[in-house]
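> Here it is, the structure, as structure tokens.
The values are calculated or read from the model by the stated rules, or taken from the named source; none is laboratory data. As the structure is a computational prediction, the values presented were derived from the model and not from experiment. Using ideal geometry, Cβ is built from the backbone for each residue, glycine included, and neighbour counts are taken over all protein chains shown. The protein model used for the area step is the full one, side chains on, heavy atoms only, and it has no ligands, DNA or RNA in it. Shrake-Rupley method; radii C 1.70, N 1.55, O 1.52, S 1.80 Å.
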Amino acid sequence: METQNIAVIPMPFGAEKIQFAIIDVVHTQDSEHLLLPHRHEHYCCFIATAGSGQFKVDFQVYSLCAPCVMVLYPGQVHELIEGTGIKGWALNFSSDIVDEVPKNIFEQAVSPLGAIDLDETQKQWFTSLMSLMEQSFSQQAPGSYSQTIQAMTNAFFFNAAEIFSLQDKQRTVSHSTRKIEIVQTFRKLIKRNFKQLKRPVDYAALMHVTVSHLNDTVKSVTGSSATLLIQQHLLTEAQRLLYYTTYNIKEISHSLGFEDEKYFTRLFHKRKGVSPTVFRKSTAS
């Protein structure tokens with residue numbers, strides 16, 4: 001394929017900040033629009049009660065096996081690679097109509113966010129909520145939503161965050177609360193500052209800990225070095241820009257905060273095994 005600008009799908013103009021749709025995918029061959037890589041300016045969530053498939057989110061492939069919930073952040077590039085018999089709902093909503101607490105839970109998670117598996121009780125809860133939302137939307141004028149629908153959207157977001165948080169804690173149960181807090185804060189700061197701050201020492205200063213303590217803690221909890229986590233965010237954005245835009249290597253390097261284009265190229269090659277130019281060519285077919 002030819003490189004092109006990333007398709008960004010905004011929320012509609014006007015009062016509508018929540019979108020609701022029923023999902024019924026017999027097979028992805030019948031739903032070609034789902035296969036095109038794109039991103040949204042808002043949260044994009046899927047509640048699957050049946051079926052299975054695979055999503056690619058920022059070049060990472062995640063399995064989807066119902067019952068589950070998937071939460072995609074604003075700006076994440078995603079596509080449905082394949083899916084069979086997927087049934088459920090899609091719920092899109094603007095960031096400014098939901099509470100900050102669940103946002104922070106997702107943002108500060110130690111584990112990467114993939115599909116959130118549901119047990120039967122949790123499945124029934126989401127099914128009941130989505131049925132109520134479906135009924136409420138059918139009673140609304142086009143392009144509008146009620147405070148009741150906004151409250152139900154927040155209920156969905158809170159419950160999804162709480163379930164994910166519990167699963168995240170179970171995966172890190174062997175570590176102290178203080179260590180988990182350090183990693184959560186570090187991840188949150190990376191997401192906000194990775195273009196400006198590229199060294200663990202910069203983050204250690206913001207967190208008022210020594211750089212050796214930050215490095216040791218991040219390594220023990222995640223298995224990765226603090227430097228690697230920073231570079232993963234940088235290179236994920238670099239891959240997005242290489243694959244989906246027409247920006248040249250120099251423009252991409254500068255947009256990511258690198259003063260030296262050659263250093264960016266060496267770093268990309270070291271972590272990805274190929275140069276930025278070769279990566280772009282290999283994904284252009």
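> For the chain, take the longest principal axis of its alpha carbons; what is the angle in degrees between that and the long axis of helix 147-171, to the nearest 10 within 0 to 90?
On a 0 to 90 degree scale, this one is about 50.
> So what's the angle, to the nearest 10 degrees on a 0 to 90 scale, between helix 261-272 and the longest Cα principal axis of the chain?
Approximately 60 degrees, to the nearest ten.
> In addition: Convert 20 °C to kelvin, take the viscosity as 1.002 mPa s, use the Kirkwood radius over C-alpha pairs of segment 153-221 as Rh, and evaluate the Stokes-Einstein diffusion coefficient in µm²/s, rounded to a whole number.
160 µm²/s
> Go through TRP89, TRP125 and list them by solvent-accessible area, largest first, probe radius 1.4 Å.
TRP125, TRP89
> Additional query: Report the local net charge at GLU237: Lys and Arg +1, Asp and Glu -1, summed over other residues whose C-beta lies under 9 Å from its C-beta.
+1
> May I ask for the Kirkwood hydrodynamic radius of segment 231-285, worked out over all distinct Cα pairs and given in angstroms to one decimal?
Answer for segment 231-285: a Kirkwood hydrodynamic radius of 10.9 Å.
> Here's another thing I want to ask about it. For segment 125-262, what is the per residue volume of the convex hull drawn over the alpha-carbon atoms, in cubic angstrom?
Spelled out: Cα convex hull of segment 125-262, divided by residues, is 181 Å³.
> Here's another thing I want to ask about it. If the cut-off is a Cα-Cα distance under 16 Å, which lysines reach LYS103, setting aside same-chain residues fewer than 8 apart in sequence?
LYS188, LYS191
> Calculate the radius of gyration of the Cα atoms of segment 99-181 to one decimal place, then report Dmax, the largest Cα-Cα distance, as a whole number, both in Å.
For segment 99-181, the Cα radius of gyration and maximum Cα-Cα distance read 15.7, 51 Å.
> Report, in whole Å, the centroid distance computed from the Cα atoms of segment 71-122 and segment 226-285.
26 Å
> Still on this structure, please answer the following. Give the cross-link partners of LYS262 among the aspartates and glutamates, using a straight C-alpha distance below 17 Å as the criterion and excluding same-chain residues fewer than 8 apart.
Straight-distance partners of LYS262: GLU251.
> Using +1 at the Cβ of each Lys and Arg and -1 at the Cβ of each Asp and Glu in segment 47-191, identify which of ILE180, PHE106, TYR145 lies farthest towards the dipole's positive end.
It is ILE180, whose Cα lies furthest towards the positive end.
> Between VAL209, ASN159, ASN193, whose Cα lies farthest towards the positive end of the dipole of the chain when Lys and Arg beta carbons carry +1 and Asp and Glu beta carbons carry -1, centred on the Cα centre?
Looking along the dipole axis, the top candidate is VAL209.
> Mind checking the per residue accessible area of the chain for me, 1.4 Å probe, whole number of Å²?
Value for the chain: 51 Å² per residue.
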